[in-house]
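As structure tokens, the structure follows; a few thoughts come after it.
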Amino acid sequence: MQHNNIFYKIWAIFKPFIMYYFCYTAVFILLLSLCRFAAYRMGSVYQARLINNSETVTGLVSGLSMVIAVLPLIPMLRGELAEHRRSVQDKTAHSLNGAPALCLTVVLAVSASLGLNSLLTLTGLVEASAGYRDVARQQYGVVFAAGMVLYGLIAPVTEEIVFRGLVFNRLRRYCPPMTAVFLSGILFGLYHGNLVQGLYGGCMGILMAYLYERMHSFLIPCLFHATANLMVYTAAQSGELQGWIFTVPGCIFLLAAAAGCVIFTEKIWNR
């Protein structure tokens, strides 16, 4: 009887995210406070270093907080992944797998991430969003090597555990798979907290959940997320690459390539 209660379902869906968010926030505040206290105790030289490298320090503290916050969710993740596998046993014959699935995932991640960034830039939304500019300044101010680890490994894995491994799989339990794909993508967009990242994150969240639903491997959204993050982070450091991406022909080519990947995936699924 309890499982048919709408409030029970909502709680079941959002519980992993709520646990992660509050744990992350508490750990982040604690670790950042400890860093500041340690710098204060060691003197003005270390305080100046902390200030001069504030983006990198904040990024590293955020990454460590993500890892700590996601650890309590691992037992839930194991259960959800096992349940997902059981529910799709009769559908795996229609799925892409192996090297073709990995290649398609990488191509779609590259084309969609760069194409959407180009579209948001060309439409003027990036310049119009002060919230996004503040976030971008913080993210791209991280030392490159640390940024590659943070945005290419830690953030993708932890966020995929929360949003695709747990939230999407729980949505999928209570509504049709494609409805769960779109709802989980919208939630992922809202999680980012500003217009530009909300639109970008929503579209990318839908694509990641879609690929997971079509290929039935949790590795796929993790690979997609990591590839997309690394491409965007790398492009932000390269003026030459931006000069090609942020053009109308570049945007059209990238988005067409992304659409082609989705069409190809659907043809394989419906064969």
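The values are calculated or read from the model by the stated rules, or taken from the named source; none is laboratory data. Keep in mind it's a predicted model, so treat the numbers as computed, not measured. With ideal geometry, Cβ positions are generated from the backbone for all residues, glycine too; neighbour counts draw on all protein chains shown. These accessible areas exclude ligands, DNA and RNA; they are computed on the full protein's heavy atoms, side chains included. Shrake-Rupley method; radii C 1.70, N 1.55, O 1.52, S 1.80 Å.
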Query raised in the report: Can you spot a residue in the range 1-9 that is on the phi < 0 side of the Ramachandran plot, open to solvent by 80 Å² or more (accessible area, probe 1.4 Å), modelled with pLDDT under 95 and among the basic types (K, R)?
Result: no
Query raised in the report: under 16 Å from L104 (Cβ atoms), assigned to a helix (DSSP H, G or I) and not basic (K, R), is that true of M204?
Result: yes
Query raised in the report: From the residues in the range 215-240 that are over 16 Å from A112 (Cβ atoms) and in a helix (DSSP H, G or I), which one is most open to solvent (accessible area, probe 1.4 Å)?
Result: E240
**Report entry** Qualifying position, being open to solvent by 70 Å² or more (accessible area, probe 1.4 Å) and closer than 14 Å to L166 by Cβ, among R78, R36
**Finding:** R78
